[in-house]
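The values are calculated or read from the model by the stated rules, or taken from the named source; none is laboratory data. Since the model is a prediction, treat every value here as computed from it, not as a measurement. For neighbour counting, all protein chains shown are included, and Cβ atoms are generated from backbone atoms with ideal geometry for every residue, glycine included.
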Amino acid sequence: MADKIKVGIVGYGNLGKGVEQAIGRNPDFELVTIFKKRSETQLEEMREFIGKVDFMLLCIGSSVDLPIKAPEIARLFNTVDTFDAHTKIPEYFASVDAAAKQGDKLSMIATGWDPGLFSAVRGLLDAILPGGKTNTFWGWGVSQGHGEAIKRVPGVIIARAYTIPIESTLEEVRRGSRSDFSARQMHKRDCYVVVEEGADTEAIRRQIVSIPYYFEFNDTTVTFVDMDTFQREHSELPHGGHVFRAGDTGAGANEQLAEFHIKLSSNPEFTASVMVSCCRAAWRMYNEGHRGAVSIFDAPIGYLSARDGYSLRKELL
């Protein structure tokens with residue numbers, strides 16, 4: 001058997017725990033270390049694993065942590081992350097790319113199911129139906145990135161943010177509409193928040209609904225609950241979504257519609273599974289000489305699989 005891909009996990013929340021489980025299901029990986037808690041000396045502690053770890057899997061938040069820490073770590077290690085702020089990806093890519101090239105390393109950014117898997121589907125369908133229209137719907141489900149953004153509001157202990165598609169818009173797209181819809185027309189957000197005793201809930205609500213990128217462009221409802229209610233009613237982490245591509249072929253008379261749909265019982269565990277498969281692809285690309293930042297668009301599909309080419313062709317082609 002070929003040498004295993006030796007990895008470390010940075011961050012041990014729901015995603016980090018999901019990555020640990022996913023590694024256990026992939027025999028070509030070996031988990032070397034986990035950095036569970038933030039510390040001022042964490043980067044120095046990581047240096048002890050230079051030469052012992054092939055990739056660091058960065059399971060930390062996109063809103064604050066990754067923009068700062070990912071370039072620092074990318075100078076020392078190959079990395080894979082799940083950066084999920086879509087509109088900020090170009091600047092984030094540039095920052096990580098420069099750092100990884102400086103360290104002669106490879107970093108695959110924005111893996112997971114969206115960005116990541118859904119990105120690949122959007123790219124594939126865009127190639128097949130040029131000139132068409134792509135729409136992506138998220139939910140019903142828990143958006144971890146949005147929940148993490150709420151937790152950074154002073155006075156908040158824990159939060160869940162549910163992303164909910166606007167059904168009327170979803171059905172219009174399913175009928176083949178190529179209209180442009182605003183974020184507010186496509187999704188709403190329902191947030192359930194536990195706050196510190198005596199916190200100003202109205203001030204917290206105003207801060208949440210105006211958080212840039214995460215909530216400012218959607219109708220958002222904030223409900224404050226106690227910890228018992230939160231644990232009883234909001235402990236699960238489901239999610240899902242749809243990618244649609246509407247277009248036409250031939251002389252334009254034949255309308256075509258493609259839909260890709262996922263339904264997840266555990267958002268972090270599925271995200272982690274995509275992340276680990278992307279790490280496999282990144283490891284193969286690194287060994288071929290690729291350096292700097294890359295995305296799922298740069299990886300051959302077969303590189304994500306533990307199967308060899310013969311098995312893929314025989315059983316899946």
Exercise. From the set of residues in the stretch 83-121 that are among the charged types (D, E, K, R) and in contact with an Asp or Glu (Cβ under 9 Å, 6 or more places away or on another chain), which is nearest to residue 179 (Cα to Cα)?
Worked result: 114
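So which of 137, 83, 55, 77 ends up being in contact (Cβ under 8 Å) with a residue 24 or more places away in the chain, buried (at least 21 other Cβ atoms within 10 Å of the Cβ), touching a Cys at 6+ places or on another chain (Cβ under 7 Å) and of a type outside the set (Gly, Ala, Ser)?
Of the residues listed, the single one that is in contact (Cβ under 8 Å) with a residue 24 or more places away in the chain, buried (at least 21 other Cβ atoms within 10 Å of the Cβ), touching a Cys at 6+ places or on another chain (Cβ under 7 Å) and of a type outside the set (Gly, Ala, Ser) is 55.
Hey, can you tell me all the residues within the stretch 141-172 that are more than 14 Å from residue 243 (Cα to Cα), of a type in the set (A, V, I, L, M, F, W, C) and over 15 Å from the mean Cα position of the chain (by Cα)?
Passing the criteria: 150, 153, 156, 157, 158, 159, 161, 164, 166.
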Seminar exercise, completed: Over the stretch 144-202, the set of residues farther than 30 Å from residue 256 by Cβ, touching a residue at least 60 places away in the same chain (Cβ under 8 Å) and hydroxyl-bearing (Ser, Thr, Tyr) is none
Exercise. Considering the stretch 152-197 alone, what residues qualify as being crowded, with 20+ Cβ neighbours inside 10 Å and polar (S, T, N, Q)?
Worked result: 163
For this session: Working only within the stretch 152-162, note down all residues that are of a type outside the set (A, V, I, L, M) and modelled with pLDDT of 95 or more.
Result: 154, 155, 160, 162
For this session: Considering only the stretch 4-26, state which residues are over 17 Å from the mean Cα position of the chain (by Cα) and among the β-branched types (Val, Ile, Thr).
Result: 5, 7, 23
Seminar exercise, completed: For the stretch 220-257 the number of residues that are charged (D, E, K, R) and surrounded by 13 or more Cβ atoms within 10 Å (Cβ to Cβ) is 2
For this session: Determine if the stretch 124-131 includes at least one residue that is over 30 Å from residue 52 (Cβ atoms) and either touching a His at 6+ places or on another chain (Cβ under 6 Å) or in the same structural domain as residue 284 (by TED's automatic domain parsing) (or both).
Result: no
Problem set entry | Matching residues in the stretch 258-289 - criterion: being out of contact with any Gly (no Cβ under 8 Å at 6 or more places or on another chain) and surrounded by fewer than 17 Cβ atoms within 10 Å (Cβ to Cβ) | 258, 259, 265, 284, 287, 288, 289
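Got at least one residue in the stretch 216-231 being touching a residue at least 60 places away in the same chain (Cβ under 8 Å), closer than 29 Å to residue 166 by Cβ and not charged (D, E, K, R)?
So far as the stretch 216-231 goes, yes, one or more of its residues are touching a residue at least 60 places away in the same chain (Cβ under 8 Å), closer than 29 Å to residue 166 by Cβ and not charged (D, E, K, R).
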Exercise. So which residues in the stretch 28-52 are touching a residue at least 40 places away in the same chain (Cβ under 8 Å) and over 23 Å from the mean Cα position of the chain (by Cα), if there are any at all?
Worked result: 49, 52
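Here's the yes/no breakdown for (1) under 22 Å from residue 165 (Cα atoms); (2) acidic (Asp, Glu); (3) part of a helix (DSSP H, G or I):
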{"position": "100", "(1), (2), (3)": "no, no, yes"}
{"position": "107", "(1), (2), (3)": "no, no, no"}
{"position": "118", "(1), (2), (3)": "yes, no, yes"}
{"position": "134", "(1), (2), (3)": "yes, no, no"}
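This table checks each residue for (1) in contact with a Leu (Cβ under 8 Å, 6 or more places away or on another chain); (2) over 18 Å from residue 18 (Cβ atoms); (3) not basic (Lys, Arg).
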| position | (1), (2), (3) |
| --- | --- |
| 239 | yes, no, yes |
| 267 | yes, no, yes |
| 271 | yes, no, yes |
| 286 | yes, yes, yes |
| 291 | yes, yes, no |
| 297 | no, yes, yes |
